[in-house]
Amino acid sequence: MTSVLNVDSIAAKDGTSPVALTKQSAAKAWHNAASNGASVNDSFNMSGYTDTGTGNGAHSFTNNMGNANYATMSKILMNSGATTSHRTIYTSTQATANYSEETFYLNAAAELVAEDRQRLSVAHGDLA
């Protein structure tokens, strides 16, 4: 027999706290930013994105992380005409309320070059 559970919300025993996930992990925040840094295409638990310079951006959480030891992962969306395919996104700072990233690549002259690209970012960890 199949069971169906229909609810509008689930809360902890105190009636207000979020339910703790056990033996599973879910992204606590994610974000899809346009390459110009001026707009966010879509997001979850992100209150804002600030373009802090070429290749640099700062993400702010709507609900803070429990500590600064959460994990971030980002991906750059490349255009089809890119001559250099390897790009790196480096998480330069992490705090409970936000984190910052830098995007760069190594050019033919072995120089690190910052660049703006559309990026997808995700954060895993415990919420405060």
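A few notes on this one:
- You will find that of Met46, Met65, the residue that is free of Cβ contacts under 8 Å to residues at least 40 places away in the same chain and surrounded by 18 or more Cβ atoms within 10 Å (Cβ to Cβ) is Met46 and no other.
Conditions (1) open to solvent by 40 Å² or more (accessible area, probe 1.4 Å); (2) at pLDDT 85 or above; (3) over 19 Å from Ala27 (Cα atoms); (4) of a type in the set (A, V, I, L, M), marked per residue:
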{"position": "Gly57", "(1), (2), (3), (4)": "no, yes, yes, no"}
{"position": "Leu77", "(1), (2), (3), (4)": "yes, no, yes, yes"}
{"position": "Ser80", "(1), (2), (3), (4)": "yes, no, yes, no"}
{"position": "His86", "(1), (2), (3), (4)": "yes, no, yes, no"}
{"position": "Gln94", "(1), (2), (3), (4)": "yes, yes, no, no"}
{"position": "Tyr105", "(1), (2), (3), (4)": "yes, no, yes, no"}
{"position": "Gln118", "(1), (2), (3), (4)": "yes, no, yes, no"}
{"position": "Leu127", "(1), (2), (3), (4)": "yes, yes, no, yes"}
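The values are calculated or read from the model by the stated rules, or taken from the named source; none is laboratory data. It should be emphasised that the depicted structure is a prediction, and the values quoted were computed from it without experimental measurement. Backbone-built Cβ (ideal geometry, glycine too); neighbour counts: all protein chains shown. Keep in mind that these areas ignore ligands, DNA and RNA; they rest on the heavy atoms of the full protein, side chains included. Shrake-Rupley method; radii C 1.70, N 1.55, O 1.52, S 1.80 Å.
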